[in-house]
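Below is one structure, written out as structure tokens, with a few remarks after it.
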Amino acid sequence: MRVGPVDVALGVLALALLGAAVHDADPAMRYGSAVTGVAVLLLLGRHRRPTATAVGCFALVAVAMRLAPQASALMFVAVLAGFAVVGTAPNRRAALAGWAVGVLVLTGAMAGNPYVEGVGDVVLTLTFCTIVWSAGLLAAERGRAATRAEEHADQVRLRRDADLATATAHERARIAGELHDVVSHGLSLVVVQVVAARMELQDLGVDPAGSVDRRLGVVEETAREGLADMRRLLGLLATATATEDATAAGLGLDRLPGLVDQARAAGLAARLDMDSASDLPSGLDAAAYRIVQEALTNVLKHAPGAAVLVTVRRLPDVLRLEVRNGPARAVGGTLVGAGAGYGLVGMQQRVQLYDGTMVAGPEGDGFAIVVELALERVP
């Protein structure tokens with residue numbers, strides 16, 4: 001666990017109290033300082049058990065006040081530190097519970113103290129302690145708000161990147177369709193017409209030297225080469241998102257743990273159950289990673305805060321990918337199935353490239369995507 005400045009300050013205060021216990025001539029003050037030092041050390045466990053830590057700390061403070069009714073200034077600083085640290089509990093309910101315990105314990109300890117001069121001293125002390133507790137609570141609330149804002153910014157960035165990738169893939173598919181419908185069709189007609197013209201010239205015998213036929217032959221060859229190039233370009237446009245260079249990008253299923261960690265940091269209760277898949281073809285490996293990535297992005301968009309289980313199973317003939325999520329548990333997102341649906345379309349294109357199958361749809365209160373990619377085919 002990371003040691004912060006508050007932990008360092010508590011450690012210094014505890015050492016000061018224990019040092020005072022060693023050097024103080026008054027036995028009562030020695031015991032009181034020592035018990036208070038132990039109470040301060042208990043505050044170091046506030047992250048794991050905030051309420052239990054508050055109860056233990058203030059109980060020891062009460063004991064110290066009984067042992068040494070005339071508390072030293074250092075002991076009073078320890079009491080204030082206890083209230084301040086209790087205010088920084090992980091949630092407001094724990095902070096309020098710690099404050100209530102501190103007030104009750106301190107009131108009881110001061111009630112029988114001969115050095116406390118009436119109700120006014122009690123009220124003044126509790127007011128001072130409450131102010132310090134409020135400062136700790138305010139600091140903790142601001143810290144939690146900053147953390148939530150950072151997590152929200154991460155989610156927005158993930159959604160923006162996903163939307164940009166989706167828009168790019170959609171535009172690429174649209175351009176491929178336009179090229180197929182217009183340019184490829186036009187080149188095909190050129191080839192057909194040139195072949196027909198050459199045959200007609202041969203039948204009519206109007207080109208005895210063959211000069212026109214040779215020129216038409218060049219046109220035909222150029223058109224055929226252009227058509228072949230165009231078909232290769234269409235293939236690249238249609239499959240670019242599914243056959244990204246895994247070697248250059250370093251993408252593959254071995255990076256799924258990091259991807260799941262990112263999803264968890266963005267607010268999902270994500271878990272990974274994966275078989276070993278170290279010797280997959282690079283293209284299929286990258287496509288499988290992208291499918292899971294797109295599925296997790298969809299969960300972030302449509303079911304923020306949901307519990308997600310990612311399962312990867314390598315069967316004899318297929319690689320099976322499952323991404324199952326429960327209902328949304330955070331504010332934001334849209335209903336499952338809403339939107340343009342380009343994410344599912346992109347996944348389906350990758351699946352088809354590897355002769356696979358994909359089933360996606362509601363499952364209980366959540367959503368499930370099950371993909372199987374054929375292992376024997378390498379594009």
Hey, ALA89 open to solvent by less than 30 Å² (accessible area, probe 1.4 Å) and in a loop (DSSP other than H, G, I, E, B) or not
yes
Test ALA9 against the stated conditions and say whether it is in a helix (DSSP H, G or I), at pLDDT 75 or above and within 23 Å of GLU141 (Cα to Cα).
yes
Assuming LEU187 fulfils every condition listed in (1) at pLDDT below 80; (2) of a type outside the set (Lys, Arg); (3) farther than 30 Å from ASN298 by Cα; (4) under 43 Å from the mean Cα position of the chain (by Cα) apart from one, which condition is it?
(4)
Just wondering, is there one or more residues in the stretch 120-138 that are loosely packed, with under 14 Cβ neighbours inside 10 Å and modelled with pLDDT under 80?
yes
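Quick check on this structure: which one of VAL55, VAL22 is modelled with pLDDT under 75 and open to solvent by 20 Å² or more (accessible area, probe 1.4 Å)?
Exactly one residue qualifies, and that residue is VAL22.
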Any residue at all in the stretch 36-48 that's under 45 Å from the mean Cα position of the chain (by Cα) and under 17 Å from ALA109 (Cα atoms)?
yes
Could you please tell me which pairs satisfy a Cβ distance under 9 Å, a separation of 6+ or placement on different chains, a first residue in the stretch 146-167 that is over 15 Å from PRO304 (Cβ atoms), and a second residue that is open to solvent by less than 100 Å² (accessible area, probe 1.4 Å) and outside any helix (DSSP H, G or I)?
ALA165/THR241; THR166/ALA340
Considering only the stretch 336-379, state which residues are in contact with a Ser or Thr (Cβ under 6 Å, 6 or more places away or on another chain) and modelled with pLDDT of 85 or more.
GLU372
(1) in contact with a helix residue (DSSP H, G or I) (Cβ under 7 Å, 6 or more places away or on another chain); (2) not in a helix (DSSP H, G or I) all hold for LEU60 apart from (2)
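In the list ARG142, ARG160, ARG214, ARG148, which residue meets the criterion of being within 23 Å of VAL345 (Cβ to Cβ), open to solvent by 90 Å² or more (accessible area, probe 1.4 Å) and modelled with pLDDT of 80 or more? Please lay out each step first, then the result.
Working: ARG142 fails: within 23 Å of VAL345 (Cβ to Cβ); ARG214 fails: within 23 Å of VAL345 (Cβ to Cβ); ARG148 fails: within 23 Å of VAL345 (Cβ to Cβ).
Matching residue, one of ARG142, ARG160, ARG214, ARG148: ARG160.
The values are calculated or read from the model by the stated rules, or taken from the named source; none is laboratory data. Every value quoted in this text rests on a predicted model; they were computed, and no experiment measured them. Ideal geometry is used to build each Cβ from the backbone, glycine not excepted, and the neighbour counts take in all protein chains shown. The area values use the complete protein model at the heavy-atom level, side chains included, leaving out ligands, DNA and RNA. Shrake-Rupley method; radii C 1.70, N 1.55, O 1.52, S 1.80 Å.
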